[in-house]
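The values are calculated or read from the model by the stated rules, or taken from the named source; none is laboratory data. In this text the structure is predicted, and so the values were computed from the model without any measurement. Here Cβ is always computed from backbone atoms with ideal geometry, including for glycine, and neighbour counts include all displayed protein chains. For accessibility, only protein heavy atoms count, side chains too; no ligands or nucleic acids. Shrake-Rupley method; radii C 1.70, N 1.55, O 1.52, S 1.80 Å.
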Amino acid sequence: YQQVIERWTHDLDPIIIYDYDPGKAVDNLPFPALHCLKHDLPWFRDQGVWGFWTEGNNAWMVTHLNYYIRARLMWDADADVDALVHEYCQLFYGAAADPVEQYIWTLENAVDATTTHERWGELMQWTLILPPVADKLNGLMAQAEKAAVTSPYQERLHVLRLAHDHMMAYLAMEDAAVEGDY
């Protein structure tokens with residue numbers, strides 16, 4: 001992919017990247033991509049990529065932070081992603097910002113550390129990624145819910161809770177399938 005982009009940006013102008021967020025194979029499950037955006041957007045800029053056309057879906061709470069960071073990096077590819085995530089959490093989650101930010105980075109780091117890769121038509125290997133961090137994620141979600149005591153932060157955290165519960169239910173479903181418990 002890197003070689004193709006380098007050749008295209010050398011020979012063609014302008015280059016616009018068409019991508020997916022979330023990836024098509026992870027419908028309505030989290031799609032941690034901050035580690036990719038942090039690396040890729042400055043590189044794309046340095047290659048002379050002119051813009052992006054990103055296809056998404058209606059799973060807003062599993063991708064909203066990706067969209068925010070992507071937009072901010074398009075304005076300034078050298079922006080500090082960690083600082084942007086911190087700012088976003090403070091503004092979007094209020095008093096629940098700290099545990100939500102830890103939740104985000106716990107999930108991000110678990111995905112970034114995995115040696116598995118998503119391929120078109122196959123789901124991410126959540127059964128490998130989530131179990132080591134599931135208890136921590138559950139604890140952070142509970143902390144965030146205790147801290148979010150006013151509107152609109154309660155409502156925003158409730159939607160994040162739904163996304164979290166969906167992810168955990170998916171993991172339980174995969175575990176049951178492995179055990180033959182249908």
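Is it the case, given these coordinates, that P32 is assigned to a loop (DSSP other than H, G, I, E, B), open to solvent by less than 50 Å² (accessible area, probe 1.4 Å) and not small (G, A, S)? Lay out the reasoning, then the answer.
Working: assigned to a loop (DSSP other than H, G, I, E, B): yes; open to solvent by less than 50 Å² (accessible area, probe 1.4 Å): yes; not small (G, A, S): yes.
Taking the combined requirement at face value, the residue satisfies it.
Is it the case that some residue within the range 93-108 is outside any loop (DSSP other than H, G, I, E, B), at pLDDT below 95, out of contact with any Leu (no Cβ under 6 Å at 6 or more places or on another chain) and open to solvent by 30 Å² or more (accessible area, probe 1.4 Å)?
From the range 93-108, those outside any loop (DSSP other than H, G, I, E, B) are 93-108; that's our starting set.
Still in the list and also at pLDDT below 95: 107-108.
Pick out the ones that are also out of contact with any Leu (no Cβ under 6 Å at 6 or more places or on another chain) and you get 107.
Next cut, open to solvent by 30 Å² or more (accessible area, probe 1.4 Å) only: none.
No, the range 93-108 contains no residue that is outside any loop (DSSP other than H, G, I, E, B), at pLDDT below 95, out of contact with any Leu (no Cβ under 6 Å at 6 or more places or on another chain) and open to solvent by 30 Å² or more (accessible area, probe 1.4 Å).
Considering only residues that are among the hydrophobic types (A, V, I, L, M, F, W, C), open to solvent by less than 90 Å² (accessible area, probe 1.4 Å) and either in contact (Cβ under 8 Å) with a residue 60 or more places away in the chain or over 16 Å from A95 (Cα atoms) (or both), which ones fall in the range 125-162?
As a first pass, look at the range 125-162 and keep what is among the hydrophobic types (A, V, I, L, M, F, W, C): 126, 128-130, 133-134, 137, 140-142, 144, 147-149, 157, 159-160, 162.
Those still in the list that are open to solvent by less than 90 Å² (accessible area, probe 1.4 Å) too: 126, 129-130, 133-134, 137, 140-142, 144, 147-148, 157, 159-160.
W126, I129, L130, V133, A134, L137, L157, V159, L160 - these are the residues of the range 125-162 that are among the hydrophobic types (A, V, I, L, M, F, W, C), open to solvent by less than 90 Å² (accessible area, probe 1.4 Å) and either in contact (Cβ under 8 Å) with a residue 60 or more places away in the chain or over 16 Å from A95 (Cα atoms) (or both).
Please state which of the following conditions A169 fails to meet, knowing it meets all the rest: (1) within 18 Å of W60 (Cα to Cα); (2) open to solvent by 50 Å² or more (accessible area, probe 1.4 Å).
(1)
Please find, among D82, D135, D112, the residue that is more than 18 Å from the chain's Cα centre (by Cα) and among the acidic types (D, E). Break it down into steps so the answer makes sense when it comes.
On the way: D82 fails: more than 18 Å from the chain's Cα centre (by Cα); D112 fails: more than 18 Å from the chain's Cα centre (by Cα).
Result of the check over D82, D135, D112: D135.
Determine whether the range 45-59 contains at least one residue that is under 24 Å from L162 (Cβ atoms) and without any contact (Cβ under 8 Å) to a residue 24 or more places away in the chain. Walk me through it before giving the result.
Kept after step one, since they are under 24 Å from L162 (Cβ atoms), are these residues of the range 45-59: 54-59.
Filter again for without any contact (Cβ under 8 Å) to a residue 24 or more places away in the chain, leaving 58.
Yes: one or more hits.
Answer yes if at least one residue in the range 76-89 is open to solvent by less than 50 Å² (accessible area, probe 1.4 Å), within 15 Å of L37 (Cα to Cα) and at pLDDT below 90, and no otherwise. Before you say what the answer is, go through the steps one by one.
Pass one, the range 76-89, residues open to solvent by less than 50 Å² (accessible area, probe 1.4 Å): 77, 79, 81, 84-85, 88-89.
Within this subset, residues satisfying the condition of being within 15 Å of L37 (Cα to Cα) are 77, 79, 81, 84-85.
Right, trim to at pLDDT below 90 and you get none.
Checked against the condition, which is being open to solvent by less than 50 Å² (accessible area, probe 1.4 Å), within 15 Å of L37 (Cα to Cα) and at pLDDT below 90, the range 76-89 yields no hits at all.
Give me the residue from the range 172-182 that is without any contact (Cβ under 8 Å) to a residue 24 or more places away in the chain and open to solvent by 90 Å² or more (accessible area, probe 1.4 Å) and, out of that set, nearest to N28 (Cα to Cα).
To start, the set of residues in the range 172-182 that are without any contact (Cβ under 8 Å) to a residue 24 or more places away in the chain comprises 172-173, 176-177, 179-182.
Those left that are additionally open to solvent by 90 Å² or more (accessible area, probe 1.4 Å): 173, 179, 181-182.
On the way: M173: 15, E179: 24, D181: 23, Y182: 22 Å.
My answer is M173.
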